[in-house]
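One structure is given below, encoded as structure tokens.
No value in this document is a laboratory result; all are computed from the given coordinates. Remember, predicted model here, so these are calculated numbers, not experimental data. Because the Cβ atoms are built from the backbone with ideal geometry, glycine has one as well, and the counts that use them run over all protein chains shown.
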Amino acid sequence: MSVIQDVNPPKALPFLRSEGRPHDVGRAHGRAFGEQVAGSIKVYKAKLGKINLAWETALEIAERNIGMLRELDPALVEEMDGIAEGAEADRREIYLINIRTGLIRMVEEGTAEDHECTTAAILGEATADGHTLMAQNWDQDGACQPNTVLIEQRIEGDPALIFVTEAGILFRHGMNEHGIGAVGNALRSNRERRADRGTTSGMARRRALRCKTFADAVRMLKQTPRSHSGNHIIAGDGQGAVDIEGVPGQAYEVHPEQGIVVHSNHFLNPQAQAEVDDHGPRNHPDTLLRDCRMRDLLMAKHGRITPDHVREVLADHEGFPYSICRHPDPNSDSIGFTLVSSVIDLTARRMWTAPGPACVGTYTEYTFS
Ligand SMILES: [Zn+2]
């Protein structure tokens, strides 16, 4: 595997272990990562400025939107209030950065979010030891990397979680102690502009990981109302995997073939392809290469796939710099790269995460304490 040193990532993500009620874990998050929370707010303030959405207007929209979430899932709102208290931030700013994807898509579908990702779930029939594995390269604006953190969180009455997120935000990808994992990708379609009628992808995945079984997690993810298009893979140790392509008001499924399901940033479900105007390949044609390439590389070792092999796949440079291991493009104003790369062994309850790009990242192992 080749290494390309155009980004100098930190050795590991800042890490927090927390427990208590939702407000307690939120406050611990805000206290531990106050500087990074301020960084997240700054990044999205600049992004909204670029699309001419006034900060005060956005704060008002965020506050109204949270009224709906408070009815649907009050614990998530309590946790966000805790984050605001711990980080000494305006609560509305924390709400705003949590709903920012839906918010940005209300006013613009262009390139304000340079947000890609390549993901996979690999079932026991395809792995060397029968374990269920997941993979995620999270590609985003490089300005977000210093604000990205890893949390082991135990909320009373809920399964313990290990997850990656941007500081101030509730969830991006991770697993729970029952061996349920959730990873995700951006999708863009003609079905956006519903920030006031649902939740973001991160919140939907976080709700799914409250469940103890794969079936319940899938049901929860599909039932959670969506404010924008987004893709999710949910997998359970020894229980299966499914990809869910969500748009506001509807969810389409993509099932594993020969024990492998892979996704990038375009719709794969045939019904979705017929019904939805998919903006993904138009804006980012590299998505068409990344999912095929990852599937080919995994299939080449079908039945012998290990976490090490998955890491090699995540560092692949076919189509560079718009490769599975995404690098900055020096010839464009696109500033995205793979900010975080994760391999999850749901059976062993282990997650290895590296600040990216994957080819130069140092993977740290995280397990439940
Ligand atoms: Zn690379």
Ranking of 216, 141, 291 by count of other Cβ atoms within 10 Å, fewest first: 216, 141, 291
Using modelled amide H (1.01 Å from N, peptide plane; none on Pro or chain starts), what sits under 5 Å from the amide H of residue 199, excluding residues fewer than 5 places away? 226, 227
Take the Cα coordinates of segment 15-107, assign each an equal point scatterer, and use the Debye formula without solvent to give log10 I(q)/I(0) at q = 0.15, 0.24 Å⁻¹. -0.56, -1.21
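Quick check on segment 183-286: what are the equivalent-ellipsoid semi-axes from the Cα gyration tensor, as sqrt(5λ), descending, whole Å?
Here the semi-axes work out to 21, 17, 10 Å.
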Using the Kirkwood radius over C-alpha pairs as Rh, can you work out the diffusion coefficient of segment 181-237 via Stokes-Einstein at 25 °C, viscosity 0.890 mPa s, in µm² per second? 214
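In µm²/s, what is D for the chain at 20 °C and 1.002 mPa s, where D = kT/(6 pi eta Rh) by Stokes-Einstein and Rh is the Kirkwood radius from Cα pairs? Provide the component values of the computation, followed by the final result.
On the way: Rh = 20.0 Å.
Diffusion coefficient, whole number: 107 µm²/s.
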Translational diffusion coefficient (Stokes-Einstein; Kirkwood radius from C-alpha pairs) of segment 127-208 at 37 °C, 0.692 mPa s, in µm²/s: 225
Expected sort for 149, 242 with the fewest Cβ neighbours (10 Å cutoff) up front is 242, 149
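When only C-alpha pairs under 8 Å and at least 6 residues apart count, what is the relative contact order of segment 164-246, in percent?
32
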Sequence of 18, 40, 369 once ranked by neighbouring C-beta atoms within 10 Å, starting from the fewest: 369, 18, 40
